[in-house]
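To start, the structure itself, in structure tokens.
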Amino acid sequence: MANVSFLKVILPISIGFGLNSMSRGIALHGDLAKLQGDNAGALSGHLAALLILVAAAVCFIYAGRNIYLGWRGRGDAPPPEQPIERVVDPVDHGPSEEAFDADAIMARYLAKRGGGAPEASSVAPQPAPALAPRPAFGRKRS
């Protein structure tokens, strides 16, 4: 058990044993209720004991999985170190030497877009032809 930690193995096993003993105690109360003729109390006691027993089984399975992963070397091994890229915030870096020039930004945008300023065409656009009247829904008016 090279890379197995206390919180991932010993703690779930101890919680599982505690839940297991609590389940036995609740099941005994259900048996006692059955002997006294209280069938509803017996059923609720045994169902509660079963649910607690399932929780104990989950704890044992979790601890077993962590033991297995620890033996395989994938338990608590730290992740491989990756270089961290630091991004410098322009606000923290200080004021820029260059002033903001909106005209230069617009000129760069229009140059990348593929054309300069839009040219005014000498021909006025023609209005769209009028559509034929559509039939109306409802009563016809004369």
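Given a Förster radius of 25 Å and the C-beta distance between SER14 and LEU50 as r, what FRET efficiency does 1/(1 + (r/R0)^6) yield to the nearest 0.05? Write down the numbers at each step before the final one.
Details: r = 21 Å, r/R0 = 0.85.
So the FRET efficiency works out to roughly 0.75.
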Between VAL58 and LEU110, the two model label points (7 Å from Cα along the beta-carbon direction) sit apart by a distance in nm of 6.6 nm
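Bear in mind that the values in this text are calculations on the coordinates, not laboratory data. Because the structure is a prediction, the values reported are computed rather than measured. Using ideal geometry, Cβ is built from the backbone for each residue, glycine included, and neighbour counts are taken over all protein chains shown.
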